[in-house]
Every structure is written in structure tokens, then in C-alpha cells.
Amino acid sequence: MDYEGPRGTRPSEFGKVMDLVDGIFLYARLKGTTNENAFPLLYNKKNLSNMRIMLYGGRPVSHVGVTEIDALLFGCRIRIGMIGAVCTHPDHRRKGLAGKILADSMERLHRDGVDFVIISGIRTLYDRNNCVMAGVSYQYNITGSNVDKLSAFPCEVTKFEMSRLDELIAIHQCESVRYFRSYEEFAALLSEKAYRRPKTFLIELGGRSIAYVCMEVLQGKEDSGLVVEYAGSRVAIASALPKLLDLLRLKSITLSVPHHDFELLAVLSHLRKPKSSHFGGTMRIINPEGFMRKLKPYLVSRYGGQAGKLTVNRTGDKCVISFGGEGHILRDEKALTWLFFGQPEEVEDKYAHYLRPFRIQHKGELGRALALVFPLPTFLYGLNYT
């Protein structure tokens, strides 16, 4: 019997795909929910074509989940592909099924005009498909022993209620680096059934909401919390952390801050040196030429009117980044992603073999342009985790 696929899920197959996913990914069940409820942007009847599968005997046996989302990057509208829930039934593993679906998904995302892909995982399968650990962020651990070093700000912390969703969205829309979400998507991601089950709080000053924080109390570590997403006044966010420790009766709060958020990094600078990190998974640029075109407003603002001379061209596995008559040949697609988004300063020892030394030391106008515009902001998952 031959395998069928890769292809999208048909309406009549939705339940069978969820049976496969639920049988492999148990995290949602442990939290008292289902994968369908936990990841509403991925598992829904409007996204069937992106629930990519291989079948055997009419039953789904391998799955790759895909979502496409628009985002804002310093005024530039870009498109990001998110991949997660990559799995194969135990009886059908080691046959390259997930690899076939992943390669097919990458091709489809390229045709759809997606600029880069982020995958919620770090494994050999993704490394073989030119996905790398990229991006730069810094992880802080807020505890009772260092919380007094945070700036005091006379703000109030109020538990979020869905009736105040308009206020939260208004704060989110002021972020210069953010995902675009509809009203309905916001409501779904803030639901108690969502995977991260966010405990969301509005931070108010003078009766007006000026920031918000979405918290996850870690499973099995009820005294530890994780900031899933934040937006708004950075001083207010830092000032709210001591109050959140008390409100949730936590011993520690972990907060990841991307490198481009220089304001929050400055506000937290009195704390002990943070742990260097990345966005949390792997990444790949799949449409470099189109991505550069979309980035033009950002490039012009950083470099000036000649920014249009900065181009990237891909030939086979190699890419050339050029400025006028100057050019630099990048070794492969992995180097391209590291150039655009940066390479994490440190990673856990078990992942170190996925990295290699990377640095571009190019003089002249090309070197100056690259130093000014890269690395780009690091997109953390936030509530959009897949």
C-alpha cells in the first residue's frame, strides 16, 4: 500500500488528524484541554489546507501544522509562516514522511509570499532543511531577592476581563514590532482554553490602561511564572513585576526581552546580567528577494535614499548580498538567516552543534550598510505559539 500526500486536510478528516496529534502531543491534555482548543489559529476548519498530512490506508499518519500571519516590522508589513505540531505515528516513523511534508510546506509558503518561517522546535529534521537557531534575546529572572532593584512606578495592576479587550488591543497596536491579529483571534488566544492559559493583567495609571502582561504559571512549577507577552509602557511593565509576584504568589518570573527592545533592556539594566537566548525555535528565510523589497521603508530610514542599492540574490544554495558594485557571497541559506536576524550569543550545550562560527567582516559601503540595518528585530512567539 502506498502513502498518499503531502496534502491538506479534508473536512471529513479533521477528527482523524486531531486523533493523531492528540495521541502524540500530550501537553494540552495535561493542562485539561485539547490541542484543538489549545491552538485555535492552527486547528480550525478555515486552516485545513495548512494542516498538511501524509496518509496510509486512508488514515493520517504524519502531520505538519502551518499558519501564516502578517506582521509589522518598524513600519514594514511582512508575512511570517509558523510551523509546529510536526509528528508521525510510531508505526510509520523513519520513512521520511515528516520531511516530505516539511519540504512541501516550505514550497507552498514561498508561493504564498511568506518571507521567513519560524518553527517551534530544534531538531535534526529542521537543520537538514536549512532552519537555524537565530535571533537575539535576553532572559531575566525576577525573584524576591532582586525585585527591589526595579523602578517604582505608581501604577495599578488589574486582572484582565474580556469586556476590556478593546483596551488591550489598543495597547498592542502601538507596538512597532508585532503580529497582526483580528479581534476574534485576540479573543481566542486569551481564552482560558488556550495552550498557555494566560493570566493577563492590565497596568493602569490615572485610570487609563498603559500596558499589559500575559503570564503563564508553569505546569508542575506553580511557584514559577513566565511572561508570555507584553506591550505598552516599559517602565509600567517593570513596575508591575513585583506586584505580579505577590498577586500570583510566585517565587520567580522569567521574562524574555528581544534585543531591539532597548527601552525595556534599559529599564531592567539594574538587574543581574541576563541570560543570552534566542526566539525559542528555528528559523529560515525562504523569500530573501521579496523580503528585501518589503523592508525598503526600514532600510531607507536607517541608511538613506541609497538603501535601494542593498540587494540579495539567491542562486541555488548560495546567496549574494550586494551594495552597488560591492558583493559578498554567503555560504548557504543558513548564513543568510544569521545575517538578517543575528546568531544567538549562547545556546544550551545540547544545541551547540547546530551552530557554526558566523561573522561578516566586510569593509566599504556594503559593510557599513550591513552594520546599520542588521540584525533585524527578533520576533518572539508571544500568544501565537504553535
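The values are calculated or read from the model by the stated rules, or taken from the named source; none is laboratory data. This one's a predicted model, so the numbers in the text were calculated from it and none came from an experiment. Cβ: placed from backbone, ideal geometry, glycine included. Neighbour counts: every protein chain shown.
Looking for something in a loop (DSSP other than H, G, I, E, B), surrounded by fewer than 19 Cβ atoms within 10 Å (Cβ to Cβ) and either in contact (Cβ under 8 Å) with a residue 12 or more places away in the chain or in contact with a strand residue (DSSP E or B) (Cβ under 7 Å, 6 or more places away or on another chain) (or both) - is there at least one such residue anywhere in the range 261-270? Yes, some residue in the range 261-270 is in a loop (DSSP other than H, G, I, E, B), surrounded by fewer than 19 Cβ atoms within 10 Å (Cβ to Cβ) and either in contact (Cβ under 8 Å) with a residue 12 or more places away in the chain or in contact with a strand residue (DSSP E or B) (Cβ under 7 Å, 6 or more places away or on another chain) (or both). Out of curiosity, is K243 in a loop (DSSP other than H, G, I, E, B) and surrounded by fewer than 21 Cβ atoms within 10 Å (Cβ to Cβ)? In short, no. One residue stands out in the range 1-33 among those that are in contact (Cβ under 8 Å) with a residue 40 or more places away in the chain and of a type in the set (F, W, Y): the one that is nearest to V64 (Cα to Cα), namely F25. If you check R128 against the conditions, is it within 22 Å of E348 (Cβ to Cβ), among the basic types (K, R) and surrounded by 13 or more Cβ atoms within 10 Å (Cβ to Cβ)? So R128 fails the test. Of all the listed residues (V320, V312), the sole one being hydrophobic (A, V, I, L, M, F, W, C), assigned to a strand (DSSP E or B) and under 18 Å from D115 (Cβ atoms) is V312. If you filter the range 367-386 down to residues that are assigned to a helix (DSSP H, G or I) and touching a helix residue (DSSP H, G or I) at 6+ places or on another chain (Cβ under 9 Å), you find that the one that is farthest from V228 (Cα to Cα) is R368. C131 meets each of the listed conditions (1) more than 22 Å from K199 (Cβ to Cβ); (2) out of contact with any Lys or Arg (no Cβ under 7 Å at 6 or more places or on another chain) apart from (2). Of the residues making up the range 338-354, those that are surrounded by fewer than 17 Cβ atoms within 10 Å (Cβ to Cβ) and not in a helix (DSSP H, G or I) are E345, E346, E348. Would you be able to say whether some residue in the range 177-191 is farther than 25 Å from N44 by Cα, loosely packed, with under 13 Cβ neighbours inside 10 Å and either modelled with pLDDT of 95 or more or of a type in the set (G, A, S) (or both)? No, because not a single residue in the range 177-191 is farther than 25 Å from N44 by Cα, loosely packed, with under 13 Cβ neighbours inside 10 Å and either modelled with pLDDT of 95 or more or of a type in the set (G, A, S) (or both). Being more than 17 Å from the chain's Cα centre (by Cα), surrounded by 17 or more Cβ atoms within 10 Å (Cβ to Cβ) and polar (S, T, N, Q) is a property that T88 has.
Within the range 38-68, work out how many residues are assigned to a strand (DSSP E or B) and buried (at least 18 other Cβ atoms within 10 Å of the Cβ). The number of residues fulfilling the criteria is 14. Residue count for the range 201-213 under the criterion of being surrounded by fewer than 22 Cβ atoms within 10 Å (Cβ to Cβ) and either under 21 Å from the mean Cα position of the chain (by Cα) or more than 17 Å from V157 (Cα to Cα) (or both): the result is 0.
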